[in-house]
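Here is the structure we will look at, set down as structure tokens.
Just so it is clear, none of the values below were taken in a lab; they were calculated from the coordinates. All values derive from a computational prediction rather than experimental measurement. Glycine gets a Cβ as well: all are built from the backbone with ideal geometry, and neighbour counts include every protein chain shown.
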2 protein chains.
Amino acid sequence: MRVLILGGDGYLGWPTAMRFSARGHEVAVVDNFSRRRWHVQHGTGSLTPIGSLVDRVEAWHQVSGDEIGVFVGSIEDGDFVDRVIAETLPETIIHYGEQPSAPYSMKSRATAVETQYTNVIGTLQLLFSIRDRVPDCHLVKLGTMGEYGTPNIDIEEGFLEIEHKGRRDTLPFPKMPGSLYHLSKVHDSHNIHFACRIWGLRATDLNQGVVYGIETEESARDERLITRFDYDEYFGTVLNRFCVQAVIGHPLTVYGEGGQTRGFLNIRDTLQCVELAASNPAQLGEFRVFNQFTEQFSVSELAELVKRSAEELGYPVEVRTFPNPRIEAERHYYNATNTKLIDLGLKPHLLGEELVRSMLRIIERHKDRVIERAILPTTRWKPGELMGEVEAAERPS
Amino acid sequence: MRVLILGGDGYLGWPTAMRFSARGHEVAVVDNFSRRRWHVQHGTGSLTPIGSLVDRVEAWHQVSGDEIGVFVGSIEDGDFVDRVIAETLPETIIHYGEQPSAPYSMKSRATAVETQYTNVIGTLQLLFSIRDRVPDCHLVKLGTMGEYGTPNIDIEEGFLEIEHKGRRDTLPFPKMPGSLYHLSKVHDSHNIHFACRIWGLRATDLNQGVVYGIETEESARDERLITRFDYDEYFGTVLNRFCVQAVIGHPLTVYGEGGQTRGFLNIRDTLQCVELAASNPAQLGEFRVFNQFTEQFSVSELAELVKRSAEELGYPVEVRTFPNPRIEAERHYYNATNTKLIDLGLKPHLLGEELVRSMLRIIERHKDRVIERAILPTTRWKPGELMGEVEAAERPS
């Protein structure tokens, strides 16, 4: 299968590229290195010492004998994406090529506009190229569970059968996302659904939970193949960030009450899910939504798990409550369905102390690289709120 | 009240500006003249011989003694919109400043991207300026009934109470819009809802039906005050277009079976609705949705109404079925709620033969200006479909 991976230099994109290459597919990746650029702008970086994309592609070639094609450019540039697709004629496109951070989207007006422009216009340009160049191609798009928000009813997979005033219809699940980043993914979902309905394209929207973990089967084969690992306020997701905090002796930063509950999955399961979606494609004209997570946890539960696991390794850990920089429910009902990928054969790697300890051991090897000032949240969902409070909370109690 | 009207040079924006000015409010308008530019690009124009914006503002001053402020620029330009809002400090913003055509958004990749960029990024820039400059300001945003599509259940006003697996929540009404333009309005609605939820802004989203009519109370006071009137494939909505076709002896262009049913309203009722929304503002933090139409009609019903009305005036009228350039249901259930504006006091001007005849008489005065080649649809929702069929249908039977 010819597979094109957008965002192939990223945390998930690079391991995905190696996985499909290892399975014998013809793989090309696209990236514009925006994540690296954002890190440079913030004076931050990956915990893991990743090589350049071409260095990693070269290392992969040495290790596996397989080639991965590289295209450098932005999908918001319609001519560029059109040329790449005309040249590679992909049968599957796996689309990670977006600005992926909620706090980054809420940082400033400029980053908000950048996020919605990059994500919505980039995906729209992509849809036109698929329509005009490879209309049979299966688009596997990374969305997020955050598109749904935290409704007071069970979250279904993309659609909801509604009975209203004696009539019935199955309609898109209503969305109440919690950031301008999450909104960009909602807009994408609506646009992609339209492209399937009107143009007959085929797509799978993977509403992914929060991913944790570092190593995958392929990256473990050579240290030059390691993927990036972020722990900073913008790109570090909660469990990864807690693990880094535990190793460097920083209090675990629980925002607010800690009752915020979300779906989570191991990076190894991300690869399984994307593979399952790609090898069981949607039908032409079909817009499928899979909720891609394996377990639900609250933030407090994760903090306690990391604390227990780290203390076993001899790290003393403090869990500390910080004023919540986000506007979100801190106690809420949350029950999301996730059976479609299980039905396709997903075998989850569940989260436990042993897994956390294996992450802690990898982090330990790189702990000298941690830039500590990048950890605490400075972005407020509502500017002007909480000023001074964080500073107070930062002082040792 | 200080009122800022975005898109104040347009079909609805200009009459709205005069209405608020006539009521004694302090009015300023913003426009970047994109509608005039798009017409120039297509070699088309308004049926009515409209003056420039400054000429009309000057004429309004002569007629009424009142001043309307003018700002020329694009709201996608964040610095511009920020400066305008800082200078005018509006208490109400009425936002018509978007690309308003479904066929234009489906014309090409470039116009699709332009539509979503202009509408989504423009509105996002506006939300930031409101948040940072006038957080108490009431945003009255023009959306469209087309955001809902044609679900098989009754359409409610923005939100739906859902019971699912024994639990309940009131969530945004699910959206299945029919064009990339309509999608841009769905994206806007989600972004505005977020700004109200997170930043505490206040907004009314007017999901407007298809507007018809030419004259309003204020424009009737002097012929220099007339508003634009479009009849071309891109900017001419169905009833206005049928009326022009009847006057020039062109067959009425029913697309497909003609069972497509939508909500409609008179331009005079648009002004009433916007006034009612502005004088009964949303609460801080509230995102309100009103379905703004007064009656539902199918396309065939409108064609028959125009035919009857025009024949009374001596125009022979042929109703002809054309291959549908859109992908849409041509027979479907449609029942939308529209009680909120009625509850606020809306007194509808209902559609009847007399009203159609009054439109026909105004059109008659300008019929020499009609550019006939601009009428038939050339844009296809799915490119490559129907090629040749329209050409066949165009030949006299």
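Net charge dipole, chain A: roughly 460 debye, given to the nearest 20, about the Cα centre with Cβ charges of +1 for Lys and Arg and -1 for Asp and Glu.
DSSP beta bridges confined to chain B are antiparallel in about 20 percent of cases. Rounded if a/c is under 1.5, else prolate if a/b is larger than b/c, else oblate: which is region A:78-170, with a ≥ b ≥ c the root eigenvalues of its Cα gyration tensor? Here region A:78-170 falls in the oblate category. Bridge orientation summary for the protein assembly as shown: considering DSSP beta bridges with both residues in this region, about 20 percent are antiparallel.
Fewest-first ordering of B:107, B:141 by other beta carbons within 10 Å of each residue's beta carbon gives B:107, B:141. When the trypsin sites (Lys or Arg not before Pro) in region A:293-377 are filtered for DSSP coil states and for at most 11 other beta-carbon atoms within 10 Å of their beta-carbon, no site remains.
Sequentially through region B:78-86, phi angles give Karplus couplings (6.51, -1.76, 1.60; θ = phi - 60°) of x, 5, 5, 5, 5, 5, 4, 6, 5 Hz, Gly and Pro residues having no value and appearing as x.
First measure r as the distance between the Cβ atoms of residue A:109 and residue B:353, then evaluate 1/(1 + (r/R0)^6) with R0 = 35 Å and state the FRET efficiency to the nearest 0.05. With R0 = 35 Å, the Cβ-Cβ based efficiency is 0.10.
Ranked from shortest, the separations from the 7 Å Cα-to-Cβ label point of residue B:361 to its equivalents in the other copies are 9.0 nm.
Across chain B, the mean sequence separation of Cα contacts (distance under 8 Å, 6 or more residues apart), normalised by length, yields a relative contact order of 19 percent. Counting beta carbons within 10 Å around each of A:129, B:64 and listing the fewest first gives the order B:64, A:129.
Once backbone amide H atoms are built at 1.01 Å from N, residue B:159 has B:173 as its partners under 5 Å, excluding neighbours fewer than 5 places away on the same chain.
Computed from backbone phi with θ = phi - 60° and the Karplus coefficients 6.51, -1.76 and 1.60, the 3J(HN,Hα) list for region A:174-188 is x, 10, 9, x, x, 7, 5, 5, 4, 4, 4, 6, 4, 4, 3 Hz; x is used for glycine and proline. Once backbone amide H atoms are built at 1.01 Å from N, residue A:295 has A:264 as its partners under 5 Å, excluding neighbours fewer than 5 places away on the same chain. Once you reduce region A:224-243 and region B:329-377 to the center of their Cα atoms, the two points are 57 Å from each other. Label-to-label distances for residue B:349 across copies, nearest first, come out at 6.8 nm, using points 7 Å from Cα in the beta-carbon direction. DSSP assigns beta bridges within region A:140-260; of those with both partners inside it, close to 55 percent run antiparallel.
Inter-copy label distances for residue B:24: 8.2 nm (label point placed 7 Å from Cα along Cα→Cβ; shortest first).
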